[in-house]
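Asks: Structure incoming, see below.
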Amino acid sequence: MTDSPAAPENPLVTVIKNDLGPMLANITSPRRRRVVMEATRDSYRDAIKYLQEKMDCYHLSLINGVDLKTSFEVVYHLWSDKNGMFSLRVSLSHDNPEIGTVTDIVPAAILYEREVHDLFGIEFPGHPDMRRLLLSDDWPLGEHPLRKDWKPGEKKMLCLVKSAELKAAKAGEKSA
Amino acid sequence: MPEVTIPIGPQHPALKEPIGFKVTVEGERIKGLDLDISYNHRGIEKGVEQRDFTKSLYMIERICGICSHAHATNFCKGVEELMRLELPKRATYIRLIVGELERIHSHYLWLGVAGHEIGFDTLFMYTWRDRELVQDVLEIISGNRVNYAVNRIGGVRRDLDEKTIKLTLAHLKKLAERAVFYTNLATSEETVIARLAKVGMLSHEKAKSLGSVGPTARGSGVNSDVRRDDAYLAYDEVPFKVITADNGDVLGRTIVRAGELAQSIEMTKWALENLPPGEIRKPAARTAPMGEAVSRYEAPRGELVHFIRGNNTDRADRFAVRTPTMANWPSVVEALRDQNIADIPIVVAAIDPCMSCTSRITFLKADEDKAWTWSWDRLREYGIRWYRENRGISWGEI
């Protein structure tokens, strides 16, 4: 099977280390056609631009959030036909998770950032259209179901949200 | 002329799934489109975090009714990668065979739906009749027409015997003849070309920057296919061509799918004839070690991505799904710009948004407290007989 872990020495790891060394940490290749790396909130945009220009990553496969209980992670998965998949993770504080949008450099991010915002409550300042995507209109505000401390049934559910409350919340969401 | 915004959906006659459009039009021309896809969120990612891998697999298989095998295989593949588990060759081939049969049925289904959306219902009837051949094969192999449940962590649950292989090959022969017919239809039938050419244009550059995947991207000349570029299962051994078209319109997406039909039929045939002997599964651990896997799969609709994070337990710490339809929505918005309002159904259908189907029938007589089930063969016989006696239609040998 081709998915098996093989060739731990991916030459791309060395290339990226040479080019972006101080900006990134933990650059590894867990298997063939996969490179994983860590960036910070200051360096992730430059790293994405580098991957687009130097590594030929034309396709954004996915942006996903991870709740690590003490912090959040946003992972950008960029694909290049030639070089494989590059996963770039950025760690965010749990109290105030916020990371600037990448929709200006990767237009395909437009829905993925909205999804992460819905399900994890991570803010993406600069996103042109940050409305709800997956959660229904009457889902209570501030409830982010993929956070580890969110349990179904624990919080007040949809039917209990009064319409007045919802309207007020919506007005707030629009002005924000 | 002033711009007007009209809501279409979430329930509407054009599409079978709930999706809301807010279309801004100037006369008949579409100036802007806003999508609301919030009607179907089922919390599966959260559900998977709370179940062990075996139970998760059943849930993941039900993400989609049409590409159920795609989701299940992709998940197994990711978990096996975390577990560092090497699969027996025969298992990878069986997964591939079911996966390609699934693509054949999905593309036939799409051709029918596309025909229906453009008012070409004869095409719909033809393709859905032919699709029954694949459905029969899938039922013989797995016992089910949808949700085949062929996968388990570490291999597959069902083996292929000589009889099944022979029967599948016979069906594939008929399907191959029909695929030639549909390829000719997509490239030379005048009504199809007149209706689909230059409709829903998506340029090569836009298809790349908006992240389109699968036949939508390949219809705009993006030469990308996970099966070739990130080979998994036995795709590096089975010969096949990646079909692309430079049209960039709905016709291009139709040509790609018709071409892929022929390719998938050939691939299945090759895999069946070269099926390696041996085991079909390996014992797998219950737990997966710490680590992350990004698993990719070329589903009938395009690149499917699963992100799986293991944490030394028997369940995933995080499981994220990116379905191909999600990746293709931005390109729909782009493709509908400046199009005619009547093009909405076919342009939306051109990315092949998912639909579900099932075929078992259970009879219930509540007042007599009786319930019984008919097998697929019995139901089919009944259907054929009913149409012959009541409508004078003979389906004949297909």
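Asks: Using only the Cα atoms, work out Rg/Rh for region A:1-134, with Rh taken as the Kirkwood radius, to two decimals.
Replies: Working: Rg = 14.9 Å, Rh = 15.3 Å.
Value, to two decimals: 0.97.
Asks: What is chain B's relative contact order, in percent, from Cα pairs under 8 angstrom and six or more apart in sequence? Present the calculation step by step, with values, prior to reporting the outcome.
Replies: Details: 714 pairs, mean separation 85.5, N = 398.
Relative contact order comes out at 21 percent.
Asks: Residue by residue through region B:52-58, what is 3J(HN,Hα) from phi via Karplus (6.51 cos²θ - 1.76 cosθ + 1.60, θ = phi - 60°)? Round to whole Hz and write x for glycine and proline.
Replies: 6, 4, 5, 5, 4, 4, 4
Asks: Which whole-Hz ³J(HN,Hα) couplings does region A:125-132 yield from phi under the Karplus relation 6.51 cos²θ - 1.76 cosθ + 1.60, θ = phi - 60°, glycine and proline marked x?
Replies: x, x, 5, x, 8, 8, 9, 4
Asks: From zero outward in steps of 10 Å, how is the percent of C-alpha pairs of region A:70-134 spread across the bins?
Replies: Going out from 0 Å in 10 Å bins, region A:70-134 shows 21, 51, 25, 4 percent.
Asks: Moving on. Would you calculate the separation in nanometres between label points at A:Ser93 and B:His204, each defined as 7 Å from the Cα along the Cα-to-beta-carbon direction?
Replies: Distance between the two pseudo-spin positions: 4.7 nm.
Asks: Taking a temperature of 10 °C and a viscosity of 1.306 mPa s, what whole-number D in µm²/s does Stokes-Einstein yield for region B:165-214 with Rh from Kirkwood over alpha carbon pairs? Write down the numbers at each step before the final one.
Replies: Values: Rh = 13.9 Å.
Reported coefficient: 114 µm²/s.
Asks: Separate question: Rounded if a/c is under 1.5, else prolate if a/b beats b/c, else oblate: with a ≥ b ≥ c from the C-alpha gyration tensor eigenvalues square-rooted, which is region B:261-349?
Replies: Numbers: a/c = 4.80, a/b = 1.43, b/c = 3.35.
Verdict is oblate for region B:261-349.
Asks: At q = 0.10 Å⁻¹, what log₁₀ I(q)/I(0) does a Debye calculation on the Cα points of chain B give, no solvent, two decimals?
Replies: -0.70
Asks: Compute for region A:48-103: radius of gyration divided by Kirkwood radius, i.e. Rg/Rh, restricted to C-alpha atoms, rounded to two decimals.
Replies: Details: Rg = 12.6 Å, Rh = 12.1 Å.
Computed over Cα atoms, the ratio is 1.04.
Asks: Here is a further query. How far is it, in nm, from the label point at B:Arg388 to the one at B:Ile165 when both lie 7 Å from their Cα along the line to the Cβ?
Replies: About 3.5 nm separates the two model spin labels.
Asks: Let me ask something else about it. Multiplying the sequence separation of B:Lys55 and B:Arg129 by 0.36 nm and subtracting their Cα-Cα distance, what value in nm do you get?
Replies: Details: separation 74, 0.36 × 74 = 26.64 nm, distance 3.46 nm.
So the chain would gain 23.2 nm between B:Lys55 and B:Arg129.
Asks: Net charge near A:Ala25: determine it from the other residues with C-beta under 11 Å of the C-beta of A:Ala25, scoring Lys and Arg +1 and Asp and Glu -1.
Replies: Numbers: positive: A:Lys17, A:Arg89; negative: A:Glu38.
That sum, taken over residues with Cβ under 11 Å, equals +1.
Asks: Using a basic spin-label model with each label point 7 Å from the Cα along Cα→Cβ, how many nm lie between A:Ala25 and B:Ile140?
Replies: Result for the modelled spin labels: 5.8 nm.
Asks: If you take the square roots of the eigenvalues of the alpha-carbon gyration tensor of region B:141-282 and sort them as a ≥ b ≥ c, do you get rounded (a/c under 1.5), prolate (a/b over b/c) or oblate? Mind showing how you got there, number by number?
Replies: Details: a/c = 2.58, a/b = 1.66, b/c = 1.56.
Because a/c hits 1.5 or more and a/b exceeds b/c, region B:141-282 counts as prolate.
Asks: While we're on this one: Step by step: find N for region B:1-154, compute 2.2 N^0.38 Å, then divide the Cα radius of gyration by it. What's the final number?
Replies: Relative to the rule-of-thumb radius for its length, region B:1-154 sits at 1.34.
Asks: Calculate how large, on average over all directions, the projected area of the Cα convex hull of the protein assembly as shown is; give the answer in nm² to one decimal.
Replies: Details: hull surface 118.5 nm².
The Cα convex hull of the protein assembly as shown, projected and averaged over all directions, gives 29.6 nm².
Asks: Which entries of A:Lys148/B:Lys77; A:Lys82/B:Lys208; A:Lys17/A:Lys69; B:Lys16/B:Lys46; A:Lys17/A:Lys54; A:Lys49/B:Lys241 show an alpha-carbon separation above 20 angstrom in the structure shown?
Replies: Numbers: A:Lys148/B:Lys77 25 Å; A:Lys82/B:Lys208 15 Å; A:Lys17/A:Lys69 30 Å; B:Lys16/B:Lys46 26 Å; A:Lys17/A:Lys54 13 Å; A:Lys49/B:Lys241 32 Å.
Flagged as over cut-off: A:Lys148/B:Lys77; A:Lys17/A:Lys69; B:Lys16/B:Lys46; A:Lys49/B:Lys241.
Asks: For region B:102-205, just list the percent of Cα-Cα distances falling in each 10 Å bin from zero outward, please.
Replies: Here the calculated profile for region B:102-205 is 13, 37, 27, 17, 6.
Asks: Find how much the distance from B:Arg228 to B:Trp374 grows on full extension, using 0.36 nm per residue of separation minus their present alpha carbon separation; answer in nm with one decimal. Don't skip to the end; give the middle numbers.
Replies: Numbers: separation 146, 0.36 × 146 = 52.56 nm, distance 4.19 nm.
The span from B:Arg228 to B:Trp374 would gain 48.4 nm if fully extended.
Asks: Express as a percent, rounded to the nearest 5, the fraction of DSSP beta bridges in region A:1-148 (both residues included) that run antiparallel.
Replies: On the way: 20 of 27 bridges.
Looking only at bridges with both residues in region A:1-148, the antiparallel portion is about 75 percent.
Asks: While we're on this one: Test of understanding: what is the full-extension gain from A:Thr70 to A:Lys49, defined as 0.36 nm times their sequence separation minus their Cα-Cα distance? Before the final figure, lay out each step's value.
Replies: Working: separation 21, 0.36 × 21 = 7.56 nm, distance 2.88 nm.
Answer, rounded to one decimal: 4.7 nm.
Asks: Right, here's the next one. Let's test the formula: R0 of 30 Å, r as the Cβ-Cβ distance of B:Thr5 and B:Arg42. What FRET efficiency results, to the nearest 0.05?
Replies: Numbers: r = 29 Å, r/R0 = 0.97.
The formula returns an efficiency of 0.55 here.
Asks: List, in order, the whole-Hz ³J(HN,Hα) value for each residue of region B:87-102 obtained from phi through the Karplus relation with A = 6.51, B = -1.76, C = 1.60 and θ = phi - 60°; use x for Gly and Pro.
Replies: Running phi through 6.51 cos²θ - 1.76 cosθ + 1.60 with θ = phi - 60° gives 7, x, 4, 4, 5, 5, 5, 5, 4, 5, 4, 5, x, 6, 4, 5 Hz.
Asks: What value, in deg cm²/dmol to 500, does the helix sum -39500 (n - 2.57) over DSSP H runs of n ≥ 4 give at 222 nm once divided by the residues of the protein assembly as shown? Please list the in-between numbers first.
Replies: Values: 18 runs with 235 residues, N = 574.
The helix-only estimate for the protein assembly as shown comes to -13000 deg cm²/dmol at 222 nm.
Any read-out appearing in this document is the output of simple, stated calculations on the displayed coordinates, not a laboratory observation. Keep in mind the model is a prediction, meaning the values are calculated, not measured. Note: ideal-geometry Cβ built from the backbone for every residue, glycine included; neighbour counts use all protein chains shown.
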